[in-house]
1. Could you name every one of the strands (runs of 3 or more DSSP E) located completely within segment 300-379 that has at least 2 residues being modelled with pLDDT of 90 or more?
2. Say whether the condition of being over 30 Å from residue 58 (Cα atoms), more than 17 Å from the chain's Cα centre (by Cα) and not hydroxyl-bearing (Ser, Thr, Tyr) is met by at least one residue in segment 91-114.
3. Given the structure, is residue 139 modelled with pLDDT of 85 or more, crowded, with 16+ Cβ neighbours inside 10 Å, in a strand (DSSP E or B) and of a type in the set (A, V, I, L, M, F, W, C)?
4. Which of the residues spanning segment 146-165 are closer than 20 Å to residue 283 by Cβ and among the β-branched types (Val, Ile, Thr)?
5. Suppose we filter segment 44-98 for residues that are modelled with pLDDT under 85 and among the aromatic types (Phe, Trp, Tyr); how many remain?
6. Can you work out which of the residues in segment 247-269 that are at pLDDT below 90 and surrounded by fewer than 15 Cβ atoms within 10 Å (Cβ to Cβ) is farthest from residue 222 (Cα to Cα)?
7. Please state which of the following conditions residue 117 fails to meet, knowing it meets all the rest: (1) modelled with pLDDT of 85 or more; (2) under 11 Å from the mean Cα position of the chain (by Cα).
8. Scan 345, 325, 279, 337 and give me the residue that is among the charged types (D, E, K, R) and over 25 Å from residue 367 (Cα atoms).
Amino acid sequence: MEIKLITHLKIVTLILSLMFISLYGQDTKDNSVLSIGDKIQITYSDINFRDTQKVETNIYEIMEDGQIYHPLLGEINLENRTIHDSEKILQIKLKKYFTNPFISIKIVDKMSNTIILYGEVSSVGVYQVEHGKKVAEFIIEKGGTLPNADLSEITILHLNGQSSLFNMIDYLYANKIEENIELQNGDKVIVHKLADKRIYSRYSDNYILQYGNVLEIAINETSARQINPDETETCPIDNNGDIYHKLLGNVHVGGMSILKTKMLLEEKASQYMLTPIVDISVVTVSHKSVYVFGEIENSGIHPIRGNLRLADFLANTCKITKNADYDEIIITRKNGDKLKFNLEDFLFKRKDKNNIYLADGDRIIVLPRKRGFVWELSEYIRPYYYIIQLVASALSVYYISTTR
């Protein structure tokens, strides 16, 4: 009788324990997600076939493959599972050995990565980030970037000395999910400023310029250089090795050293200045390119950098002909997508939201303007204008002479 009473008391104690945990531990079960490196405490209890209570508690670590090793159950994958789901999984597996097992999981030590965020971001700082966090979500959760951020080349420096580049524009607008890098412990995420110069010591006067380089060129009168220096002009080198400068026009610099290019530009600038002096900086070594076709005087392959929009590119780089159709400029993407841009609406109706971000490999087609029937007819008969006029004059003279 006394043994049965003790057994019943154990059962009541177990039931009360289950009720207490279900009432006060529900939030933890629902909200906590297990990750690689987490240390968890697993407690399971049951009344075995001898009516005796069995309680066992052990500490387990979730290994690199996402699994724990349980001496009774073997390997169990718990990575990215909530505590509640993990408890259900273990309960089902333990039913093979116990009558009605109860499982309780508690996180003893939560694994996290230390990440440094720096540059053109809203919240510079050092953050503790859960395992598996990726760079795009990390930046967005910490407040995002500033307006001048270069989203096309976000640098991630790793503890082993290696670095990775992340293109947020491709991730957001081209849906290149595979480029979203998983952060590692000790990573430094650096968001560069769009206007920052990336000048390196190897770009000496002997550096040979080539397609893909972006130059910043300043041309000043020697006497006024310190007092009133001229603003720099950004000049990408196109696939022909040419740059376009507002003062000097098209200049071929591909294959030339920086020193020789300075001398060439100074010689050309001497037509406008008494003693010009030229400063050249290589801002970017290589970058994205777009293809331009149609009603463009300088059609071809053009390099671009940063998060550049179509209207800005057309204004700064391209020379649109008078015959261009502003209502429908077509952009085709590498993935086969076809986009349309109405430059007329952008300019006169201020529809800035429709201004498309350019991506590497875009093909921009500027179509000729569509004309009406009368205009096309006039264009067709234009070569015969003088003949028609001569025939009409002759007919007029003939008509007048016959009516007399």
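The values are calculated or read from the model by the stated rules, or taken from the named source; none is laboratory data. What you are looking at is a predicted structure, and each value in this text was computed from that prediction instead of being measured. Note that each Cβ is placed from the backbone with ideal geometry, even for glycine, and that neighbours are counted across all protein chains shown.
1. 324-332, 338-341, 363-368
2. No: zero hits.
3. No.
4. Within segment 146-165, 154, 155 qualify.
5. So the answer is 4.
6. Restricting to residues being at pLDDT below 90 and surrounded by fewer than 15 Cβ atoms within 10 Å (Cβ to Cβ), the top hit is 255.
7. All conditions are met except number (2).
8. Result of the check over 345, 325, 279, 337: 279.
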